[in-house]
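Participant: Mind looking over this structure? Questions follow.
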Amino acid sequence: MNRTELIEELRHIVGPHSVIHRPEDLLTYDADGCVMDTHDPHVVVVPSTTEQIATVVKLAARAGMPIVPRGAGTGLSGGATPMSGGIVVSTARMDKILEVDTRNSRVRVQPGVINFELSQYLKPYGYQFAPDPSSQKACTVGGNIANNSGGPHCLKYGITASHVLGVQVVLPSGETIWTGDGTPSTMGYDLTGVLTGSEGTIGLVTEAWLKLTRLPEAVRVVLALFPDIASSSATVSQIVASGLLPAALEIMDRLAIKAVNDMYKLGLPEAAGAALLIEVDGVEDGLDELLTEIVAICERNGALEVRPARNAAEQNQVWAARKNAFGAMGRLAPTYYLVDTVVPRTCLPYTLDQVGYIAKNFDLPIANVFHAGDGNLHPLILFDRRNRSQNQRALEAATEVMRVSIEQGGVISGEHGIGVEKQDYMTLLFSTDDLAAMASLHQSFDPTDLFNPGKVFPKGKGCGELAALRRAGVQWSDLKTGGVPAVLSS
Ligand SMILES: Cc1cc2nc3c(=O)[nH]c(=O)nc-3n(C[C@H](O)[C@H](O)[C@H](O)COP(=O)(O)OP(=O)(O)OC[C@H]3O[C@@H](n4cnc5c(N)ncnc54)[C@H](O)[C@@H]3O)c2cc1C
């Protein structure tokens with residue numbers, strides 16, 4: 001089937017206005033938020049129904065064209081980037097909130113619903129969708145599920161996986177299944193768990209039952225300013241170790257303070273080395289006492305100043321600064337490379353120290369804005385993408401951050417997924433057997449590698465090969481030191 005025939009058939013399935021194919025229009029879809037690597041798709045479709053998606057998937061299988069699911073494209077690991085072209089399936093038109101069922105604490109939605117809009121919609125009912133990535137004003141629920149996303153409030157409420165009760169997915173075979181009926185209990189294999197975090201590689205989410213979380217009765221927000229990032233991050237470990245559970249513990253370092261200060265009129269002293277944003281929520285009774293205990297820990301750890309937000313408007317102002325801090329980096333440099341890793345909370349001070357050395361070694365400024373309560377690091381390497389040397393140094397600095405994080409007992413992704421950005425680092429964390437077990441699972445859903453190929457698994461190793469490695473008992477170390485094992489060359 002040639003491209004013209006493919007476009008014609010797609011127009012027939014989704015309607016002529018829902019097929020994007022002109023080269024200039026395809027540019028919008030050549031990457032997600034990770035712009036280090038861009039690839040144009042052959043064509044983009046914007047379906048309105050699950051049935052249309054199922055028919056598109058069957059056509060793609062016949063045409064031998066990859067399917068790349070796409071929500072809002074805010075991902076930061078290249079997950080929605082069409083590495084080998086193919087058909088990008090945008091969920092932008094599937095943005096309906098279908099059913100709010102407060103008596104069973106659940107809501108049924110289409111995948112293109114914007115995270116923030118869902119919580120706004122639920123507010124009058126007294127509920128929210130708790131996972132709140134900082135990109136929540138743009139990112140979709142489908143993308144949240146596919147990446148198992150986190151957010152500032154996931155410290156207390158848990159990441160996306162804790163809030164998905166069941167999903168409807170179109171499989172690479174073109175079949176449509178539900179993995180759960182929206183009740184909290186599951187029987188048999190937990191397919192909802194398998195699909196959540198699978199980065200669009202084994203199923204395209206077309207509907208979901210999500211858990212509703214009650215809005216808290218009261219909220220308090222304070223900003224504690226510290227002389228340096230080490231004392232602020234040590235404070236975070238102590239707060240959690242003392243058995244107190246804030247709703248959020250977020251840190252911005254000196255450079256980040258500089259970026260947000262003007263933009264949000266925060267009036268923070270730029271001499272401060274770090275700002276720790278603390279939110280506590282729950283019933284009104286006892287909330288001030290909880291906050292007093294936390295503030296006392298901050299003061300014992302050398303906080304220079306503690307600024308409470310006096311009303312809802314001030315709380316919103318502080319949160320706007322935190323959640324838009326990445327965008328504010330544009331004031332400091334044309335491009336940032338955001339590295340997403342996790343270390344045990346107690347290792348934050350040392351790891352952040354190392355990030356400081358990495359910035360010096362590679363001669364690039366690095367700002368830090370992160371979900372400290374989860375031990376989730378987000379060094380933002382600032383550079384100019386048009387400068388080749390800076391580009392290369394940014395990549396090398398990111399590798400160093402990952403190396404240090406692993407060395408500290410951490411992992412290479414806290415919430416942004418593996419995509420293409422981290423795929424080659426998977427071997428640092430997983431054995432051949434681990435990866436091959438994942439590959440076997442992938443193969444059972446997608447034997448022809450139709451959905452989002454070239455993601456998650458290390459480059460150059462198809463899932464079939466990985467599964468074969470497992471059967472042959474070959475280890476990664478054999479691959480690196482020896483030649484190509486027979487099982488791969490055959
Ligand atoms: C400024 C900024 C701040 C961010 N902050 C956070 C944060 O605090 N926490 C966090 O976790 N992430 C954060 N992110 C990363 C990103 O926003 C999240 O990963 C988000 O969940 C992606 O949603 P999306 O709709 O943009 O998905 P996309 O980027 O379009 O896609 C992400 C992945 O999901 C797959 N996918 C999308 N829709 C579907 C579907 N319906 N079915 C199957 N697969 C699908 C894609 O193929 C891709 O692999 C941030 C990003 C930015 C730019």
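Participant: For the range 112-159, what are the residues that are surrounded by 20 or more Cβ atoms within 10 Å (Cβ to Cβ), small (Gly, Ala, Ser), within 11 Å of the ligand (Cβ to nearest atom) and in a loop (DSSP other than H, G, I, E, B)?
Facilitator: 112, 134, 135, 149, 150, 151
Participant: Which residue pairs have Cβ atoms under 8 Å apart, sit 6 or more places apart or on different chains, and have a first residue in the range 134-158 that is touching a residue at least 24 places away in the same chain (Cβ under 8 Å) and farther than 21 Å from residue 110 by Cβ and a second that is basic (Lys, Arg) and outside any loop (DSSP other than H, G, I, E, B)?
Facilitator: Here the result reads 134/322; 134/323; 152/322; 152/323, each pair linking the range 134-158 to a residue that is basic (Lys, Arg) and outside any loop (DSSP other than H, G, I, E, B).
Participant: Out of all the residues in the range 106-121, is one or more touching a residue at least 24 places away in the same chain (Cβ under 8 Å) and farther than 26 Å from residue 49 by Cβ?
Facilitator: So far as the range 106-121 goes, no, none of its residues is touching a residue at least 24 places away in the same chain (Cβ under 8 Å) and farther than 26 Å from residue 49 by Cβ.
Here is a yes/no grid of residues against (1) in the same structural domain as residue 455 (by TED's automatic domain parsing); (2) crowded, with 23+ Cβ neighbours inside 10 Å:
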| position | (1), (2) |
| --- | --- |
| 372 | no, yes |
| 387 | no, no |
| 390 | no, no |
| 393 | no, no |
| 396 | no, no |
| 440 | yes, no |
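Participant: Tell me the helices (runs of 4 or more DSSP H) entirely within the range 1-80 that contain at least 1 residues that are hydroxyl-bearing (Ser, Thr, Tyr) and in contact (Cβ under 8 Å) with a residue 40 or more places away in the chain. Step through it out loud before you land on a result.
Facilitator: Values: elements: 3-14, 23-26, 50-63.
Of the helices (runs of 4 or more DSSP H) lying wholly inside the range 1-80, those with at least 1 residues that are hydroxyl-bearing (Ser, Thr, Tyr) and in contact (Cβ under 8 Å) with a residue 40 or more places away in the chain span 50-63.
Participant: Here's another thing I want to ask about it. Being surrounded by 14 or more Cβ atoms within 10 Å (Cβ to Cβ) and out of contact with any Ser or Thr (no Cβ under 9 Å at 6 or more places or on another chain) is the filter here; which residues of the range 289-298 pass it?
Facilitator: Correct list: 290, 291, 295.
Participant: Now for a separate question. Among the numbered criteria (1) in the same structural domain as residue 172 (by TED's automatic domain parsing); (2) touching a Phe, Trp or Tyr at 6+ places or on another chain (Cβ under 6 Å); (3) hydrophobic (A, V, I, L, M, F, W, C), which one does residue 274 miss?
Facilitator: Status for residue 274: all satisfied but (1).
Participant: Among helices (runs of 4 or more DSSP H) lying entirely in the range 321-431, which contain 2 or more residues that are within 18 Å of residue 273 (Cα to Cα)?
Facilitator: Details: elements: 325-328, 348-361, 388-407, 426-429.
Result: 325-328, 348-361.
Participant: Looking only at the range 412-452, count how many residues are under 17 Å from residue 169 (Cβ atoms), among the polar types (S, T, N, Q) and within 14 Å of the ligand (Cβ to nearest atom).
Facilitator: Selection size over the range 412-452: 1.
Participant: Using the structure shown, decide if residue 299 is more than 26 Å from the chain's Cα centre (by Cα), farther than 22 Å from residue 233 by Cα and at pLDDT 95 or above. Break it down stepwise before answering.
Facilitator: Values: more than 26 Å from the chain's Cα centre (by Cα): yes; farther than 22 Å from residue 233 by Cα: no; at pLDDT 95 or above: yes.
No, not satisfied.
Participant: Of all the strands (runs of 3 or more DSSP E) wholly in the range 172-262, which have at least 3 residues that are surrounded by fewer than 21 Cβ atoms within 10 Å (Cβ to Cβ)? Let's see the steps before the verdict.
Facilitator: Values: elements: 176-178, 204-211, 218-226, 248-253.
Ranges flagged: 176-178, 218-226.
Participant: Looking only at the range 190-247, count every residue that is within 30 Å of residue 293 (Cβ to Cβ) and among the aromatic types (Phe, Trp, Tyr) and tell me the total.
Facilitator: 1
Participant: I'd like the full set of residues that are among the aliphatic types (A, V, I, L, M), in contact with a Ser or Thr (Cβ under 6 Å, 6 or more places away or on another chain) and closer than 13 Å to residue 199 by Cα, limited to the range 130-151.
Facilitator: Filtering the range 130-151 for residues among the aliphatic types (A, V, I, L, M) gives 130, 138, 141, 145-146.
From what's left, in contact with a Ser or Thr (Cβ under 6 Å, 6 or more places away or on another chain): 130, 138, 145.
Listed by number, the list holds a single entry, 145.
Participant: Could you please let me know if residue 99 is assigned to a helix (DSSP H, G or I) and acidic (Asp, Glu)? Before you say what the answer is, go through the steps one by one.
Facilitator: On the way: assigned to a helix (DSSP H, G or I): no; acidic (Asp, Glu): yes.
Judged against the criteria, residue 99 is not a match.
Participant: Out of all the residues in the range 173-208, which are within 18 Å of residue 443 (Cα to Cα) and among the charged types (D, E, K, R)?
Facilitator: The answer is 175, 190, 199.
Participant: Considering only residues of the range 88-111 that are within 14 Å of the ligand (Cβ to nearest atom) and surrounded by 23 or more Cβ atoms within 10 Å (Cβ to Cβ), which is farthest from residue 164 (Cα to Cα)? Show your work before the answer.
Facilitator: Of the range 88-111, the ones within 14 Å of the ligand (Cβ to nearest atom) are 88-96, 109-111.
Subsequent filtering for residues that are surrounded by 23 or more Cβ atoms within 10 Å (Cβ to Cβ) retains 88-91, 94, 109-111.
Numbers: 88: 24, 89: 22, 90: 21, 91: 18, 94: 18, 109: 11, 110: 13, 111: 12 Å.
Filtering first and then ranking leaves 88.
The values are calculated or read from the model by the stated rules, or taken from the named source; none is laboratory data. For clarity, every value in this text was computed on a predicted model and none was experimentally measured. Cβ coordinates were reconstructed from backbone atoms using ideal geometry, including for glycine residues, and neighbour counts include every protein chain displayed.
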